[in-house]
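Below is one structure; the comments refer to it alone.
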Amino acid sequence: MAFDPLILTTSLAVVGVIASMILVLSVKKYPTGNEKMIAIWKAIMEGSNAYLKRQFRTIGIIAVIIAIVIVAAFGGIFSLTYGAEIAFSFLLGVTFSLIAAYIAMYSATNANVRSTAAAETSTYLALKVATLGGGALGLAVISMSLLGLSLLYAAFGDPGVLAGFGFGASLAALFAQLGGGIFTKSADVGADLVGKVEENFPEDDPRNPAAIADNVGDNDLGGMIIGLIVSIILFQGISVYYVTMPLIVRSLGIIATFVGLAVAIFEKKFKNPIKPTRDGLLVASVVAAILMFIATWYVFGPSGVTPGGSALAAYALYGCMVSGLAAGLLIVLYTEYYTGSGAKSVITIAERSKSGPALTIMSGTAVGMISSGLPVITVAITLLISFALGEQFAVLAKINDTFLGGVYGTTMATMGMLSTAGIVLTMDGLGPIVDNAGGIAEMSGAPDEVRERIEPLDTLGNTTKALTKGYAMGSAALASLLLFQAFVLEVARYQAKITDLTSITSAQATLLGTKLSSLGSALALNHPDVVIGALIGAMLPFVFSGTAINAVSVGAYRMVEEVRRQFREIPGLREGTAKPNYAAAVDISTRTALRLMVVPGAIPVVAPIVVGVFLGWAAVGALVVGATLSAIPLAIMMMWGGAAMDNAKKYVEAGHFGGKNTETHAATVVGDTVGDPWKDTAGPSLHILIKLLNTISLVFIPLFLAALILL
């Protein structure tokens, strides 16, 4: 018996949002610790809320301006109604993204002090509280994106409108990531350079004026959207199940996340604190694989609800999903291999630091560069496998165009990788929580046994954050072919003047195929506009990363000067008999982040529009491809190289190679300050940059086509 897939996806999305709220409330049941812990926690929470409000206001103003531009642009090409629909979906994407960010911040700031207090009992309990807080983040993000897409598809069913949602969600996420990264790394680098190197203070020493600002900043959807867009263009009119299969797979991922979270929360026996969440990810992957097989068999099997179904067709499409799922798990293993607390690369960096910071930075950079090889090769193999299986699926399911079947195969491979996004994001949410927990323990003067129980969790946070960022970059890489094909398909649709895919005729379908086959010549490398677009695209991730890192350096410079000023001008601060002015340091990070996040955030918005208006749609397509090809290895280099240098510092702080307050330790601190803006500001923003470039290119295709005619 057939069912409405949107009822399933919407229902599970709502359940996921409710579960996220339940996790937030469950965290609040744990004690908040002693008065000193509570005082520090309140300072962190107040600073976080104040910063978030100012950031949301800035993003809101930018979003409204862009929405007005969208209405005006599309009103001059199609109709004000269509422009209003895209502007609405854009603002909805911004809103959903900001709501998810607020839930993440609220969850993190409520879990951090409770994780510190839980460490008075055991490391397990501290990790459990942090996992509950991280779970609220993971469920909120995947559930709200699924809910927004399900509602928009039910209401409009138009790829352009869905692209508007992706544009808004990615734009808000980029500004949030940039702003949070600039904020926290300005404070972190400033705190380390003065506190650790000049004053020999421990991490998060309460005498350090930048300590609270650092802890405030530590609390900082595109694949599914593109998958749905491609499915609509390819299969609208054949079967609703072809179109909504990406949503079905992602909704089943919510169930897998529930099971994975349960494993991570209740596993009590472990030597390495990454084991419970890693086991949760493995179990979630198994559950996702089982559920995907059931769904694929039900939809495409011999007795499935779609025409032309067969056992072999179901196996072929399922193979696409499994290839993506396996690629995600391999990237997790690669992350631990290069950045784990006991990884050979990390120990090598720490050992070479005995010869000074130059070799620390050189070794960390080398690790980052080398580490880009395995994930890129894995993604390439996955693309080949999923495309070939997709072509076989098209033959077996009696779909005329095998190439489009290959595109659909890569779509479902991407969905397979993203099926475990909830538990991976949970692991990411652990990072800021355990970072804050360690900071609160240090600043409140908690007993040594409490700090010893939390210390392994701090190293765990570095690894899980690197893991999540690598996973996100891997999904963006896996979706690269898919993203480009979505762009080409949309160009063909607009050229064929097909604005309503819900009632496409056979003549329109034939015209769409003709237009699609003729677009290949326009993308040939012997066209100067295509080469120019590719060059500009390859350059963008470097300019973007440079402006983001420079923003951190500006903020860190100001923070260093402020911390030095307070040590000079506040009597007794260095001795611990006077309190620092934390508010001044928080204000420096806030003003720096909000002012300097605008330029790098504007790059991916302005670049494709300018290129598209003056050089045409083909140049924009080449720009997106060029940006993707350069961003993937650059992001992995920065994220994993930075994480390796950070954990090398922690390896020395654990007592190896002389331990704290040595020249070796000072060298690793310098290396960490270089790697910090790599791994927490520029690097993790690049996968959002790729998705934003693609979604904004999709949204403004009519503008590019109209401008090309006028020129």
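The values are calculated or read from the model by the stated rules, or taken from the named source; none is laboratory data. None of these values were measured; they are calculated from a predicted model. Reconstructed Cβ throughout: ideal geometry from the backbone, glycine too, with neighbour counts over all protein chains shown.
Looking at region 13-51 only, could you name the residues that are surrounded by fewer than 23 Cβ atoms within 10 Å (Cβ to Cβ), more than 30 Å from Val259 (Cα to Cα) and under 26 Å from the mean Cα position of the chain (by Cα)? If the condition is that a residue be surrounded by fewer than 23 Cβ atoms within 10 Å (Cβ to Cβ), more than 30 Å from Val259 (Cα to Cα) and under 26 Å from the mean Cα position of the chain (by Cα), then Met45, Glu46, Asn49, Ala50 are the ones that fit. Here Ala654 meets each of (1) under 22 Å from the mean Cα position of the chain (by Cα); (2) of a type in the set (A, V, I, L, M); (3) within 30 Å of Ile347 (Cα to Cα); (4) modelled with pLDDT under 90 with one exception, condition (1). Among the conditions (1) modelled with pLDDT of 85 or more; (2) surrounded by 24 or more Cβ atoms within 10 Å (Cβ to Cβ); (3) farther than 20 Å from Ser323 by Cβ, Pro447 misses just one, which is (2). Only a single criterion out of (1) assigned to a helix (DSSP H, G or I); (2) farther than 26 Å from Leu425 by Cα; (3) modelled with pLDDT under 85 is not satisfied by Ile61, namely (3). Against the test of being closer than 28 Å to Lys275 by Cα, of a type in the set (D, E, K, R) and under 27 Å from the mean Cα position of the chain (by Cα), the options Glu351, Glu336 yield a single qualifying residue, Glu336.
Per-residue answers, yes or no, for (1) over 28 Å from Thr378 (Cα atoms); (2) of a type in the set (A, V, I, L, M); (3) crowded, with 24+ Cβ neighbours inside 10 Å; (4) out of contact with any Cys (no Cβ under 9 Å at 6 or more places or on another chain):
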| site | (1), (2), (3), (4) |
| --- | --- |
| Ile636 | no, yes, yes, yes |
| Ala667 | yes, yes, yes, yes |
| Val699 | yes, yes, yes, yes |
| Phe704 | yes, no, yes, yes |
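Please find, within region 390-444, the residue that is surrounded by the fewest Cβ atoms within 10 Å (Cβ to Cβ) out of those that are assigned to a helix (DSSP H, G or I) and acidic (Asp, Glu). Among residues in region 390-444 that are assigned to a helix (DSSP H, G or I) and acidic (Asp, Glu), the one surrounded by the fewest Cβ atoms within 10 Å (Cβ to Cβ) is Glu391. Here the condition is being at pLDDT 80 or above and either on the phi < 0 side of the Ramachandran plot or over 23 Å from the mean Cα position of the chain (by Cα) (or both); of Ile504, Ile440, Ile498, it holds for Ile440 alone.
Against the numbered list (1) closer than 29 Å to Ser589 by Cα; (2) touching a Ser or Thr at 6+ places or on another chain (Cβ under 7 Å); (3) among the hydrophobic types (A, V, I, L, M, F, W, C), Phe657 comes up short only at (1). Quick one: is Ser150 farther than 30 Å from Arg453 by Cβ, at pLDDT 85 or above and of a type in the set (S, T, N, Q)? Here the answer is yes, as Ser150 does meet what is asked. Within region 537-596, the set of residues being among the hydrophobic types (A, V, I, L, M, F, W, C), part of a helix (DSSP H, G or I) and farther than 19 Å from Leu178 by Cβ comprises Ala538, Val560, Val563, Phe567, Ala583, Ala584, Ala585.
Quick grid of which residues meet (1) assigned to a helix (DSSP H, G or I); (2) in contact with a strand residue (DSSP E or B) (Cβ under 7 Å, 6 or more places away or on another chain); (3) of a type in the set (S, T, N, Q); (4) within 18 Å of Asp435 (Cα to Cα):
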{"residue": "Val14", "(1), (2), (3), (4)": "yes, no, no, no"}
{"residue": "Thr32", "(1), (2), (3), (4)": "no, no, yes, yes"}
{"residue": "Trp41", "(1), (2), (3), (4)": "yes, no, no, yes"}
{"residue": "Arg57", "(1), (2), (3), (4)": "yes, no, no, no"}
{"residue": "Phe74", "(1), (2), (3), (4)": "yes, no, no, no"}
{"residue": "Ile86", "(1), (2), (3), (4)": "yes, no, no, no"}
{"residue": "Ser89", "(1), (2), (3), (4)": "yes, no, yes, no"}
{"residue": "Ser97", "(1), (2), (3), (4)": "yes, no, yes, no"}
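Being of a type in the set (Lys, Arg), modelled with pLDDT under 85 and surrounded by fewer than 16 Cβ atoms within 10 Å (Cβ to Cβ) is a property that Arg591 has. Of the residues making up region 290-311, those that are of a type in the set (Ser, Thr, Tyr) and closer than 26 Å to Thr257 by Cβ are Thr296, Tyr298.
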